[in-house]
Each structure stands twice: as structure tokens, then as C-alpha cells.
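Asks: Quick one: the structure is below, questions incoming.
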Amino acid sequence: MSTADLLADFGTIKGELAVGGMPLSLLAARVGSTPFFAYDRRLLTERVATLRSVLPDGLDLTYAMKANPMPAVVQHLAGLVDSIDVASAGEMAVALDTGMPAERVSFAGPGKTAAELRRAVAAGIVVELESSTEARRVLAAGNELGVRPRVALRVNPDFAVKGSGMRMGGGPQQFGTDAEQVPGLVAELVGADVDLLGFHVFAGSQNLRAEIIAEAQRRTVDLVVGLADLLPTPVRYLNLGGGFGIPYFAADTPLDLGVVADNLAALLDGPIAAYLPEARTVVELGRYIVGECGVYVTEVVDRKVSRGKTYLVVDGGMHHQLAASGNLGQVIRRNYPLVVGSRAEEETVETASVVGCLCTPLDLLGNDVELPRTEVGDLVVLFQAGAYGLTASPTAFLGHPAPAEVLV
Ligand SMILES: *Cc1c(COP(=O)(O)O)cnc(C)c1O
């Protein structure tokens, strides 16, 4: 996604980037310290509205809150989506605090402990079982608490859909139960005091290829239609996963949502209506909902030239926004879009590298970026910071204070 497009989404006021309708410098004064993350309420609302308008009626939207678990963000989204997916008991508490009904909260993720599952069963949320060990723990918790657990089976699909280096599903993994082992697991659960609602298949993440997502969804529906007869009751829950990607880099093409939506409409009208008519069908999205609605704001604390190369040293870095630095050097590093937010409409006149304040060359936020003349005190803003930012970064590394977060 181009920086210009992102800048247009947020808007500008008097030459500055606007977030939540406030010029950046005013927002920074309100927050009171840099660095900080800011999430734009209007953009979140518009994002969900776009999804609702394009995706077919009869399809529910789940927010996978690990993408951004800030309680204010989750609260705002709780009023816009149909359900929330959580990945820990801590996230479960935040989701339930929003007032989202327990049966609309699902809990996925490997390694759920007996204590976490007990809390989930007591709360009445839907546990997406990743293994037979979890199934036994849930049954034990249900017996002990006198509560009938609500569960769905997470299935590791027996298909892989690939193309252009992007892959969904297939092979061994720690998530879910292999499709071929599902009959055995269902046999353990049939007759037990448990409400077995249906199935969850999450085949992959951050995919920008609509045809690959569509193909994975078709294969998922085929798979679940084939498993449906194993259950003693009709399938009432069909979680198709998500994987909708966002364009992090200038060369990335945004996902063609229309192609995904048409495919989902055909699935709902076709095999789902015919074979799974009672299923609440959901897609669960994290980054697609929040990723583009947030920025990470840092202040330039030093400007220096080393052997002809200009460095802007900012007060934040990879300890808050790890992904923008290239995830500890493990991938080919490309720049996340960034602007000097306080000079959003100035001409670019120089090439500079934006580096964080950590003692490692990995703390690089923008390599050789075209920028306006930038001085100490200016605010450098990284886009695409709404998902997997603060809570997916090593904040304790080097012991700097935690950044603020604000929803405006
Ligand atoms: C992380 C996760 C998601 C969200 O993934 P995004 O790429 O942020 O959309 C959805 N479902 C499950 C089961 C997950 O673990």
C-alpha cells in the first residue's frame, strides 16, 4: 500500500497527519509522551462497514482480538462485529467485559491448560478444542462445575492451497486435530455431557491472494460437509477461519475482497444451505480489521550523518513495533510505510534512515526513505501499526518505558 493512500485514509489537517480527527502535534500533546500507538475509531468503524457491505448477508464476522487486545479497541469493535475470538484466559476476560454474550466468544489456541479451560467452561464461552487432551480437560471441568461445555473441534485440514509463495493449510502442525483423526475424537465426545456445536478450520494468515483464500474456503466447506454426519446433532457452528491479508509494503497489492465475498456467497447459497443449514457461519479476522487503522508515533531525538548517510534517531523502535524492523533480521527486510507526520505535505528533499533507540543495528524502522528535511523534535509515524504491534513486540528489551496507547 502506498504511503499516499494511507495518508489519504487518515487525512491531514494544516499540513499534519490527522489521527482521530486531531492534528498529530495536538494528539501528541494530549497523550503527553512519545512514543505512542494511536488507533483511529472512524477508520475502524469504516473498515467493519466495508466488510459488512461486501461480504454476503448471513455470514458472521468474528474479531480475532490477539491482533489488537487494547480493551478500548475491543470494546469499540464488540459493538460492530458478531463475535470475538480469544487466545488466552486474559483475552477472554477483556472480551467478556465488553458485554459480548459468552456464546459469541470463542477460545482457540494450542496448549490450553486445565485452569484456563475451567474458566472458559465456567464462563460459557465456546472452546475450540485443539486436541483430545483438551477435550478430556473440558469434560472434567464441565462435570466438576455442573455446566455443559460448549465446544467446537478445530480441524487441521488435509489440503494445502498454494500459489505465489502463499500457502493455506496442509501438513503437520500443532494446531487442531488432523482431519483423519476427527472421527476418533468425535467418538470420545458423543454421549458425553458436552454441546458439540461444529468445526473450526483456520488454514493460514496474511494472504493477499483472493483466489487462494477462496479455494481454501471451498475445501474447508467440503471437509466439514464430510465430517458433519459424525455429529449427533446438525452442525450449528462453522468457522471458516480468515487469513485476509493487508498490504504492508509498497509493492503489495491489496486483497480483492469482492472475489472472496462472491465465493462466500456461493458457498452459503450452495453447499452450506444444502448440507449445513443450521450452521452459524463465520469468518474470523484480526489484522484485516485493525491493522491499517493504527499508527506508531515516535519523536526524532537525534539527527546525524555517518560517512554520507543521514540517520534520524527516534525515541521508539523495534521494542514496540518489531514487525517494522524486520522481525529480528529473520526475513528480507522491507520498509513499512512511514511519514514525518508533522510535515505530511512537505516535498521530499532528502534520503535518510530512521533508526530506533536500541543498541542493535537491527533497530531499523526505515532504510533510505525519501523524506522532507527532518529535524530533532519532528514526529515520525509508522503506518500499518494497528495489528501485532505493541503486544507482539519485545517491550522489555533494553528496559525503556512502555509506550502509551490511545483510541481516538
Ligand atoms: C491469529 C488468528 C487469527 C487472526 O489472524 P489475522 O492474520 O490477524 O487475521 C484468526 N484465527 C485464529 C485461530 C488465529 O490464531
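Asks: Please enumerate the residues belonging to the range 31-53 that are away from the ligand (no atom under 16 Å from the Cβ) and in a helix (DSSP H, G or I).
Replies: Matches in the range 31-53: Val31, Arg41, Arg42, Leu43, Thr45, Glu46, Ala49, Arg52, Ser53.
Asks: Shifting gears a bit: Take the residues of the range 95-107 that are surrounded by fewer than 21 Cβ atoms within 10 Å (Cβ to Cβ) and either within 15 Å of the ligand (Cβ to nearest atom) or touching a residue at least 12 places away in the same chain (Cβ under 8 Å) (or both): which is nearest to Ala122 (Cα to Cα)?
Replies: This residue is Ala102.
Asks: Yes or no: Val297 within 27 Å of Val74 (Cα to Cα), buried (at least 21 other Cβ atoms within 10 Å of the Cβ) and hydrophobic (A, V, I, L, M, F, W, C)?
Replies: Yes, satisfied.
Asks: Kindly establish whether Ala28 is away from the ligand (no atom under 16 Å from the Cβ), open to solvent by less than 40 Å² (accessible area, probe 1.4 Å) and assigned to a helix (DSSP H, G or I).
Replies: Criteria met by Ala28.
Asks: Spot the failing condition for Val121; the list is (1) touching a residue at least 40 places away in the same chain (Cβ under 8 Å); (2) touching a Leu at 6+ places or on another chain (Cβ under 8 Å); (3) surrounded by 24 or more Cβ atoms within 10 Å (Cβ to Cβ), and only one is missed.
Replies: That leaves (1) as the condition not met.
Asks: Let me ask something else. Applying the selection to the range 280-299, what residues are under 21 Å from Leu6 (Cα atoms) and among the aliphatic types (A, V, I, L, M)?
Replies: Scanning the range 280-299 gives Leu285, Ile289, Val290, Val295, Val297.
Asks: Mind checking whether some residue in the range 344-361 is of a type in the set (S, T, N, Q), under 29 Å from Tyr63 (Cβ atoms) and open to solvent by 20 Å² or more (accessible area, probe 1.4 Å)?
Replies: No: zero hits.
Asks: Quickly run through the range 224-260 and pick out the residues that are within 16 Å of the ligand (Cβ to nearest atom) and in a helix (DSSP H, G or I).
Replies: Result: Val224, Leu257, Val260.
Asks: Under 9 Å by Cβ, and 6 or more places apart or on different chains, what pairs join a residue from the range 161-189 that is among the hydrophobic types (A, V, I, L, M, F, W, C) with one that is open to solvent by 70 Å² or more (accessible area, probe 1.4 Å) and at pLDDT below 90?
Replies: From the range 161-189, the pairs are Val161/Arg167; Met168/Lys162.
Asks: Given the criterion touching a helix residue (DSSP H, G or I) at 6+ places or on another chain (Cβ under 6 Å), more than 15 Å from the ligand (Cβ to nearest atom) and within 23 Å of Glu278 (Cα to Cα), identify the matching residue among Val155, Val138, Val201, Val182.
Replies: Going through Val155, Val138, Val201, Val182 in turn, just one is touching a helix residue (DSSP H, G or I) at 6+ places or on another chain (Cβ under 6 Å), more than 15 Å from the ligand (Cβ to nearest atom) and within 23 Å of Glu278 (Cα to Cα): Val182.
Asks: Within the range 389-400, does at least one residue satisfy the condition of being of a type in the set (A, V, I, L, M), within 24 Å of Gly286 (Cα to Cα) and open to solvent by 20 Å² or more (accessible area, probe 1.4 Å)?
Replies: Looking through the range 389-400, at least one residue is of a type in the set (A, V, I, L, M), within 24 Å of Gly286 (Cα to Cα) and open to solvent by 20 Å² or more (accessible area, probe 1.4 Å).
Asks: While we're looking at this one, here's another question. Take the residues in the range 190-217 that are crowded, with 23+ Cβ neighbours inside 10 Å and either among the aromatic types (Phe, Trp, Tyr) or more than 18 Å from the chain's Cα centre (by Cα) (or both), then tell me which one is modelled with the lowest pLDDT.
Replies: The qualifying residue modelled with the lowest pLDDT is Phe202.
A quick yes/no check of all residues on (1) surrounded by 23 or more Cβ atoms within 10 Å (Cβ to Cβ); (2) of a type in the set (Gly, Ala, Ser):
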position	(1), (2)
Ala261	no, yes
Glu278	no, no
Val290	yes, no
Asp302	no, no
Gly308	no, yes
Gly316	yes, yes
Asn327	no, no
Val339	yes, no
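Asks: Let me ask you something else. May I ask you to list the residues in the range 280-298 that are near the ligand (Cβ under 8 Å from one of its atoms), assigned to a strand (DSSP E or B) and among the charged types (D, E, K, R)?
Replies: Glu284
The values are calculated or read from the model by the stated rules, or taken from the named source; none is laboratory data. Given the structure is predicted, the values throughout are model-derived calculations rather than measurements. Neighbour counts run over all protein chains shown; Cβ positions are idealised from the backbone, glycine included. With ligands, DNA and RNA removed, areas are computed over all heavy atoms of the protein, side chains included. Shrake-Rupley method; radii C 1.70, N 1.55, O 1.52, S 1.80 Å.
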